[in-house]
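Working notes, structure below.
The numbers here are math on the coordinates, done by the rules we state, and not lab data. Computed from a prediction, not measured in an experiment: that's the story for all the values here. Positions of Cβ are generated from backbone atoms using ideal geometry, with glycine treated the same way; all protein chains shown enter the neighbour counts.
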Ligand code: UD1
Ligand code: CA
């Protein structure tokens, strides 16, 4: 189903009290805009057009070419924002679906349902939901099965205000029809804005058939303030935890585990309490994440054990059956198959071969104050406790580094290194 998604993201979000654009606020480790792009992509969008405005540099920098952008310099309303995509879609005859950048929970299935209804004969389709509390939403005014108009809360009369059927913020229509209807929208409303929602009444007057697809009210959770952002986080996490458990992950205390939008967790993974997943984490089958770990941008292989109290930073890779223990920090480093870094270590910019053992308190000194350097350890290397490896160094297979060594030069395979001060004992001076 190749459709064009038009994502409206020009607003500042005045109730956020922030200098950053609303769609750049983080939900589950990713800006709001990423959630909307993700949902559009999952639904099969062929084009992604983001309408940017306030803070456009920040949004465009973040998007980094993942979507086309158009600039709406003045925020004259959702209809005006949508019209800004017209030129980009001049030759596009397929369906356009308009999505709001501050609505992260409009799921792919709902977008697909709107497109299906369109394909089955509706000229345009709106998604609605039955709101427990309709305050703030546009109301759907029905004429039998056909939608007659959407009236924004500020423009509602008392009868309309009592309507609980509300506008989610998804419009699906053939792109040419969408822009044709938008061309007729005025700004005669309480806000003096060009409303996207006004195309419904125009379509109705033209005798077009505007269908409605219903969705779960939870999908309407938008983010208009920081309080709503926190509520959105809570509901994202609740759903992600349930999904993880249903997919075969054990969560000992689900309410204390925090996932990111793109977290991948395989089957039979055991996650103990208080684990935070930042962006970009993949965990393979049978891994065990012990309590109090912070993980981001890392890969945890099959049957490995991480934590308790481990910090894995971007580029950390724990090999199958590997072990990363308490108070260990790993950044941009590969821990080979079955290798162990069990206690109080920092491993940065390194590769550690299979079955190697890194003793307690070992530090990879990867930074000389100006540049970062990389070290490589072969297989079955043993690094004694409290050693410092001053990168760049290469340590061959089966080498043994004695406790407390400061290693500044390469070590050939199989060698023993002792690089520490020799013990010297002075006799106590005789009393008297
Ligand atoms: C909108 C709908 C309302 C619906 C509700 C669902 C309209 C007129 N109203 O109201 O019917 O029930 O969403 O949450 O569409 N934007 C722009 N440029 C603009 C104005 C807005 O890009 O000129 C963007 C905003 O950044 C935001 C989105 O469009 O991401 C929605 O705008 P917002 O002002 O939040 O609309 P609501 O008042 O929530
Ligand atoms: Ca909104």
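Identify the residue in the stretch 50-74 that is under 19 Å from the mean Cα position of the chain (by Cα) and buried (at least 23 other Cβ atoms within 10 Å of the Cβ) and, among all such residues, is nearest to residue 221 (Cα to Cα). Taking the candidates together, the pick is 50. What residue, among those in the stretch 141-154 that are part of a strand (DSSP E or B) and within 34 Å of the chain's Cα centre (by Cα), is nearest to ligand 1 (Cβ to nearest atom)? Looking at residues that are part of a strand (DSSP E or B) and within 34 Å of the chain's Cα centre (by Cα), I get 150.
Residue count for the stretch 217-234 under the criterion of being within 14 Å of ligand 2 (Cβ to nearest atom) and either surrounded by 15 or more Cβ atoms within 10 Å (Cβ to Cβ) or not in a helix (DSSP H, G or I) (or both): the result is 10.
Return the residues of the stretch 5-17 that are within 15 Å of ligand 2 (Cβ to nearest atom) and outside any helix (DSSP H, G or I); say none if nothing qualifies. Those that are within 15 Å of ligand 2 (Cβ to nearest atom) and outside any helix (DSSP H, G or I): 7, 8, 9, 10, 11, 12, 13. Only one of the listed residues (98, 127) is in contact (Cβ under 8 Å) with a residue 12 or more places away in the chain, within 16 Å of ligand 2 (Cβ to nearest atom) and closer than 16 Å to residue 44 by Cα. That residue is 98. For the stretch 258-274, state whether one or more residues are touching a helix residue (DSSP H, G or I) at 6+ places or on another chain (Cβ under 8 Å), more than 26 Å from residue 22 (Cα to Cα), in contact (Cβ under 8 Å) with a residue 40 or more places away in the chain and assigned to a strand (DSSP E or B). Among the residues of the stretch 258-274, not one is touching a helix residue (DSSP H, G or I) at 6+ places or on another chain (Cβ under 8 Å), more than 26 Å from residue 22 (Cα to Cα), in contact (Cβ under 8 Å) with a residue 40 or more places away in the chain and assigned to a strand (DSSP E or B), which makes the answer no.
If you go through the stretch 12-24 and keep only what is within 16 Å of residue 57 (Cβ to Cβ) and surrounded by fewer than 24 Cβ atoms within 10 Å (Cβ to Cβ), you end up with 12, 18, 19, 20, 24. Selection within the stretch 187-216: residues that are under 30 Å from the mean Cα position of the chain (by Cα) and surrounded by fewer than 17 Cβ atoms within 10 Å (Cβ to Cβ). The member of this set that is farthest from residue 157 (Cα to Cα) is 216. The set of residues in the stretch 235-255 being in a helix (DSSP H, G or I) and either buried (at least 17 other Cβ atoms within 10 Å of the Cβ) or in contact with a helix residue (DSSP H, G or I) (Cβ under 9 Å, 6 or more places away or on another chain) (or both) consists of 235, 236, 237, 238, 239, 240, 241, 242, 244, 245, 254, 255. The condition of being closer than 22 Å to residue 42 by Cα, touching a strand residue (DSSP E or B) at 6+ places or on another chain (Cβ under 7 Å) and within 11 Å of ligand 1 (Cβ to nearest atom) holds for only one of 138, 169, that being 169.
The set of residues in the stretch 288-303 that are surrounded by fewer than 24 Cβ atoms within 10 Å (Cβ to Cβ) and in a loop (DSSP other than H, G, I, E, B) comprises 290, 291, 292, 296, 297, 301, 302, 303. Kindly check whether there is at least one residue in the stretch 162-176 that is surrounded by fewer than 22 Cβ atoms within 10 Å (Cβ to Cβ), out of contact with any helix residue (DSSP H, G or I) (no Cβ under 6 Å at 6 or more places or on another chain) and within 23 Å of residue 16 (Cα to Cα). Within the stretch 162-176, none of the residues are surrounded by fewer than 22 Cβ atoms within 10 Å (Cβ to Cβ), out of contact with any helix residue (DSSP H, G or I) (no Cβ under 6 Å at 6 or more places or on another chain) and within 23 Å of residue 16 (Cα to Cα).
Those helices (runs of 4 or more DSSP H) of the stretch 31-125 in which 2 or more residues are touching a strand residue (DSSP E or B) at 6+ places or on another chain (Cβ under 9 Å) and within 14 Å of ligand 1 (Cβ to nearest atom) occupy 32-42, 56-63, 78-83.
Go through 180, 152, 184, 148 for me and flag whichever is surrounded by fewer than 23 Cβ atoms within 10 Å (Cβ to Cβ), farther than 19 Å from residue 39 by Cα and within 16 Å of ligand 2 (Cβ to nearest atom). 152 is the lone residue from the list that is surrounded by fewer than 23 Cβ atoms within 10 Å (Cβ to Cβ), farther than 19 Å from residue 39 by Cα and within 16 Å of ligand 2 (Cβ to nearest atom).
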